[in-house]
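One structure is given here, and the rest of the page talks about it.
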Amino acid sequence: MKVKTGLGLDSHRFVEEDTDKSFVLGGLVFSDAPALLGNSDADVILHALTDAISGITGVTVIGATADKMCKAGVTDSKAYLAVALEALGDWKISHVSIALECLRPKIDPKVPALRESIASLLGIEIVDVCITATTGEKLNDVGRGLGIHATVIVTAVAG
């Protein structure tokens with residue numbers, strides 16, 4: 001059986017001024033943090049996940065493709081993920097590991113909902129989605145509460 005692994009990273013700062021934009025993480029809207037700055041919904045988990053899938057397929061989505069979609073009014077990161085998933089072809093995602101770094105919001109209470117959302121978007125079992133989080137001990141801007149960083153590893157097997 002052939003196995004591939006992809007790695008994706010993404011970071012976004014919080015919006016400092018008033019905005020109608022919502023805080024979106026893992027495809028879900030939460031009200032306990034300010035929105036993330038970006039031309040899309042700035043969902044760091046889905047952006048890193050999309051990049052990790054691109055690491056398996058070699059088809060880059062975050063960048064020119066997502067920018068083009070944004071200019072056309074498509075700002076929901078679930079749409080970018082869908083484009084990446086189409087490129088998988090016969091490859092099947094078997095496991096996803098997500099590590100978040102942020103001072104705010106608290107991630108642990110969100111983990112069950114995030115795992116369920118991501119599993120649903122990928123068509124895999126909840127048990128195959130792992131999420132961990134750290135505050136970063138205030139060592140960088142993310143650790144000081146200015147934004148969120150996501151690292152995602154995706155494992156896929158040949159179908």
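The values are calculated or read from the model by the stated rules, or taken from the named source; none is laboratory data. Predicted model, so just to flag it, every value in this text is computed and none were measured. Glycine gets a Cβ as well: all are built from the backbone with ideal geometry, and neighbour counts include every protein chain shown.
A few notes on this one:
- Options Leu37, Leu49, Leu7; residue that is of a type outside the set (Ser, Thr, Tyr) and touching a Leu at 6+ places or on another chain (Cβ under 8 Å): Leu49
- For segment 39-65, a residue qualifies if it is more than 16 Å from Leu85 (Cα to Cα) and either aliphatic (A, V, I, L, M) or buried (at least 21 other Cβ atoms within 10 Å of the Cβ) (or both), and the qualifying residues are Ser40, Asp41, Ala42, Asp43, Val44, Ala64.
- Boolean, Leu37 is closer than 17 Å to Ile148 by Cβ, modelled with pLDDT of 95 or more and touching a helix residue (DSSP H, G or I) at 6+ places or on another chain (Cβ under 6 Å): no
- Positions within segment 84-102 being more than 25 Å from His12 (Cα to Cα) and in contact with a helix residue (DSSP H, G or I) (Cβ under 8 Å, 6 or more places away or on another chain), in sequence order: Ala87, Leu88, Gly89, Trp91, Ile93, Ser94
- Remark: Asp128 matches the filter, which requires a residue to be over 17 Å from Val24 (Cβ atoms), among the acidic types (Asp, Glu) and in contact (Cβ under 8 Å) with a residue 12 or more places away in the chain.
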